[in-house]
Amino acid sequence: MSDANEVARGPWQSEYLALHDPVTSLPNRLLMMEFLAGALSSPQEGRRALAVFALDIDNFRQLNEMYGLASGDLILAETARRLRRCVRDNDLVARVGADEFILVATGLADSKAVDGLHRRLQAALSVPVALPSGAVAYPQADMGIALAPLDAHEPDSLIHCAELALNRAKEEGPGACCYFAADMNDEMAGRRTLEGDLRRAIVSDEFVLLFQPRCDARTLELLGVEALIRWDHPQLGRLAPDEFVPIAEKSGLVIPLGEWVLRKACDTISRLPELNVSVNVSVVQFRNGELVGTVESALRATSLPAHRLELEITESVLIENTDKALDILEGLKKLGVRLSMDDFGTGYSSLGYLRTFPFDALKIDRRFVGDLDQSKGALAIVQAILGLGRALGMQVVAEGVETESQLAVLKADSCDEVQGFYLGRPMTEEALRAYIAERRLAS
């Protein structure tokens, strides 16, 4: 079916347009399903392995925003061209979504051949794309692979398996690849159930906000707290954020959930005048475009002075659209809130962001702090971040402090604030009040 990827001419043009994507000239989902059904029913192909690759381009929406729709189309067309070059004439490549492609590879002898094709695809797609503006885009593709007849022998089921594998790959990070596994169906069903529970929980008020102390590294004076959400699930018990926040982000439920956290945190701390509070901002909240208004509304409703609120923002929210991110951050600064870059040191362009964006503080990622006792490399990174913070006039907060020796290192290197189990675990408002009272008595 090599001519399925070629531009049709003459009287067949209307039929061609009904079965092909106009941007890439690839077959669309309808033609791909016809091809796959034929391949699965062929007695010749039935004796050999057939592989379905589901691929999508990481951060394609953000690439569109950064470089424009014309450049986005160019990236899609170039991706299509590279995919076609990796397959044989009796294989098929289709565009089935905004940034999603399906590749059907027939006649593969064994798993070694499938792995070989995967490596060729990754190598082809990892090459940067030159854009008309002179900029260079660095798209990466996640992949999910399903095999017939091992995983399924019907077209719809096989595509479903490949897309489940793609979903797993997306969770593992840019450029990941996963084969379908039987437990993915159960996992997807569990997530759908949890998403339904999450919708109910927002209405039923099943969430709890805890507060973890942030202390002066030198004197250990309590300066503020970080607000941390937990979910008291009726059947599953108390759930940590990593068990439900990813689902909330994918479903959009993180927007009302984030608003609840922000307002609850501001309200609680407004009654504790000696403390500041930091609140994490989700990528989805930042993208939503309503963050400045949401923060302003929470401050007004709770009468919390803006300077006592700090928003913790990860580098990933900045990489998508620099100009838009700068507008949002400047809007937040006009309100008077503080801005902190969370998990500093884990991104590849943090230094550039520090020069561009109006941050007040850096938070050293807990992985570096946790290795301070054992790793000279971790110590060197922490010391470098502390030196950078001093040079830029920013406060530096170390999170994940769990031992006295870690605290001693951070104190010796003039870290500003520390946070972690050694200073105090996340606690309820009542426990926080008791914690404050106990420290007052001790002093």
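Taken together, the values in this text are just the output of simple stated rules run on the coordinates, not laboratory data. Here the structure is a predicted model, which means the values were calculated and not measured. Counting neighbours? That spans all protein chains shown, and the Cβs are built from the backbone with ideal geometry, glycine included.
With respect to the chain, whose longest principal axis is taken over its alpha-carbon atoms, helix 29-41 is tilted by about 60°.
On the basis of the beta-carbon distance and an R0 of 56 Å, residue 421 and residue 154 show a calculated FRET efficiency of 0.65. Placing unit charges on the Cβ atoms only, positive for Lys and Arg and negative for Asp and Glu, gives the chain a dipole magnitude near 620 debye about its Cα centre. On a C-alpha basis, how far is the centre of segment 47-81 from the centre of segment 239-311 in Å? Whole number, if you could? Answer, in whole Å: 34. Given +1 at the Cβ of Lys and Arg, -1 at the Cβ of Asp and Glu and no other charges, the dipole of segment 105-198 around its Cα centre is 500 debye to the nearest 20. Among residues other than residue 197 whose Cβ falls under 15 Å from its Cβ, what is the net charge (Lys/Arg +1, Asp/Glu -1)? So the environment of residue 197 carries a net charge of +2.
Note on the chain: helix-only mean residue ellipticity at 222 nm, from DSSP H runs of 4+ residues weighted -39500 (n - 2.57) and normalised by residue number, equals -15000 deg cm²/dmol. Our compactness index for segment 325-404, the C-alpha radius of gyration over the empirical 2.2 N^0.38 Å, is 1.16. Can you work out D for the chain in µm² s⁻¹ from Stokes-Einstein, where Rh is the Kirkwood radius over C-alpha pairs, the temperature is 25 °C and the viscosity is 0.890 mPa s? Rounded, D is 99 µm²/s. For the pair residue 110 and residue 288, label points projected 7 Å from Cα toward Cβ lie 5.3 nm apart. Stretching the chain fully between residue 242 and residue 85 yields a gain of 52.6 nm (0.36 nm per residue, less the alpha carbon separation).
For the cross-link pairs 170/376; 250/363; 112/170; 170/264; 250/324; 324/411, the ones whose C-alpha atoms lie over 28 Å apart are 170/376; 170/264; 324/411.
Per-residue extension of 0.36 nm, minus the Cα-Cα distance of residue 183 and residue 412, leaves a gain of 77.5 nm for this segment. Which net charge results when you count Lys and Arg as +1 and Asp and Glu as -1 among the other residues whose beta-carbon is under 12 Å from that of residue 176? Residues near residue 176 contribute -3 overall. For the chain, the longest principal axis of the Cα atoms and the long axis of helix 155-172 meet at an angle of about 30 degrees.
Taking Cα atoms only, the orientation of helix 69-86 departs from the longest principal axis of the chain by about 50 degrees.
Inter-label distance, residue 374 to residue 135: 4.2 nm, where each label sits 7 Å from its Cα along the C-beta direction.
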